[in-house]
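First the structure, in the form of structure tokens, and then the observations on it.
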Amino acid sequence: MKIHLLPITIAVLTMLSIQCSSTKSLSNTEKAKLDSPLLHLLSGDRQNDKRLDITHRADGTKEYAVIVQSEHPDAIRALGINVSSVFGDIIVVHVTLEELKNIVSLTTVEAIRTGSKRTIQQNQ
């Protein structure tokens, strides 16, 4: 049985280049807008997934709850992203990694922070 390594090698190299290019494609200005967990997430580090508020879309794609600081929610909506809520310059959205990269590239966005998991608090 002969194993062809070329297709396997190409697949592995493609996956590595995709993971490595995630944060390399961000400018320093864009990176400065993101908090540490989001920077790790975009660099391909999925070890912190437990700390993030993650849901799944109908097609199985992961989406992450993030809090965007911007006075222009319509700029986010123009990207085709559903805005969950707006309070002043605080905008809550659930986005895929690609949508997150699109939001961070907006000049009207000042900062993007990780959304926290929702937990039920019981009064005692």
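The values are calculated or read from the model by the stated rules, or taken from the named source; none is laboratory data. All values reported here derive from a predicted model rather than from experimental measurement. No Cβ is skipped: glycine too gets one built from the backbone with ideal geometry, and neighbour counts run over all protein chains shown.
Which pairs have Cβ atoms under 7 Å, sit 6 or more apart or on different chains, and link a residue in segment 42-64 that is in contact (Cβ under 8 Å) with a residue 60 or more places away in the chain to one that is assigned to a loop (DSSP other than H, G, I, E, B)?
Pairs found: 53/115; 53/116; 53/117; 53/118.
So, residue 58, is that one out of contact with any Gly (no Cβ under 7 Å at 6 or more places or on another chain) and not in a strand (DSSP E or B) or not?
So residue 58 passes the test.
A quick yes/no check of all residues on (1) modelled with pLDDT under 95; (2) surrounded by 15 or more Cβ atoms within 10 Å (Cβ to Cβ); (3) not small (Gly, Ala, Ser):
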{"site": "61", "(1), (2), (3)": "yes, no, yes"}
{"site": "66", "(1), (2), (3)": "no, yes, yes"}
{"site": "73", "(1), (2), (3)": "no, yes, yes"}
{"site": "89", "(1), (2), (3)": "no, no, yes"}
{"site": "93", "(1), (2), (3)": "no, yes, yes"}
{"site": "100", "(1), (2), (3)": "no, yes, yes"}
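Suppose we keep only residues that are loosely packed, with under 15 Cβ neighbours inside 10 Å and at pLDDT below 80 within segment 23-48. Which one would you say is nearest to residue 105 (Cα to Cα)?
Taking the candidates together, the pick is 24.
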